[in-house]
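Everything below concerns the one structure shown next.
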């Protein structure tokens with residue numbers, strides 16, 4: 001392609017138009033990236049806050065389960081209920097604690113995702129250097 005200005009200053013005008021178009025494209029890409037990052041941060045934040053509520057619910061459930069186990073242990077001591085009831089209650093508690101650990105894991109993953117999206121996840125920030 002050949003640049004042949006049709007009038008005095010046409011080449012400069014053409015270059016300026018191309019530069020404006022390039023600038024507008026770069027601005028559009030930057031805006032789109034900012035919007036995507038904002039959405040990722042919002043999504044991660046909402047997920048983290050939701051998981052905090054789930055965690056609190058699990059903590060209350062575990063406390064109730066522990067209290068129930070204590071009650072069953074006392075009943076076993078007094079021979080009101082058989083030992084298998086205590087074992088079943090212990091099994092239930094262990095299962096709930098495993099599920100609770102899953103919630104804690106999900107929270108850790110979401111925190112790291114949020115740090116990554118914010119650009120704060122680095123070797124230095126993790127203390128690896």
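Against the numbered list (1) at pLDDT 95 or above; (2) surrounded by 13 or more Cβ atoms within 10 Å (Cβ to Cβ), residue 94 comes up short only at (2). Cβ-Cβ contacts under 9 Å between residues 6 or more apart (or on different chains), taken from a first residue in the range 7-18 that is on the phi < 0 side of the Ramachandran plot and assigned to a helix (DSSP H, G or I) to a second residue that is exposed (fewer than 11 other Cβ atoms within 10 Å of the Cβ) and modelled with pLDDT under 85, are listed as 10/3; 10/4; 11/3; 11/4; 13/7; 14/3; 15/3.
Return the residue satisfying two criteria in turn: it lies in the range 82-91 and is free of Cβ contacts under 8 Å to residues at least 24 places away in the same chain and part of a helix (DSSP H, G or I), and of such residues it is surrounded by the most Cβ atoms within 10 Å (Cβ to Cβ).
Of all residues in the range 82-91, those free of Cβ contacts under 8 Å to residues at least 24 places away in the same chain come to 82-88, 90-91.
Checking the rest, the ones that are also part of a helix (DSSP H, G or I) come to 83-88, 90-91.
Details: 83: 11, 84: 9, 85: 15, 86: 17, 87: 12, 88: 13, 90: 14, 91: 10.
Among those residues, the one meeting the criterion is 86.
Of the numbered criteria (1) in contact with a helix residue (DSSP H, G or I) (Cβ under 7 Å, 6 or more places away or on another chain); (2) within 30 Å of residue 115 (Cβ to Cβ), the one residue 34 fails is (1).
Of all the numbered requirements in (1) surrounded by 11 or more Cβ atoms within 10 Å (Cβ to Cβ); (2) part of a loop (DSSP other than H, G, I, E, B), residue 79 misses one, and that requirement is (1).
On the stretch given as the range 63-92, residues that are within 29 Å of residue 110 (Cα to Cα) and touching a helix residue (DSSP H, G or I) at 6+ places or on another chain (Cβ under 6 Å) total 1. Annotation: residue 123 fulfils all but one of (1) more than 20 Å from the chain's Cα centre (by Cα); (2) outside any helix (DSSP H, G or I); the unmet one is (1).
Residue pairs, Cβ under 6 Å, 6 or more apart or interchain, first in the range 26-43 and touching a residue at least 24 places away in the same chain (Cβ under 8 Å), second surrounded by 10 or more Cβ atoms within 10 Å (Cβ to Cβ). List them. What qualifies is 40/117; 41/117.
The values are calculated or read from the model by the stated rules, or taken from the named source; none is laboratory data. If you're wondering where the values come from, they're calculated on a predicted model, not measured in any experiment. Neighbour counts are summed over all protein chains in view; Cβ atoms, including those assigned to glycine, are modelled from backbone coordinates with ideal geometry.
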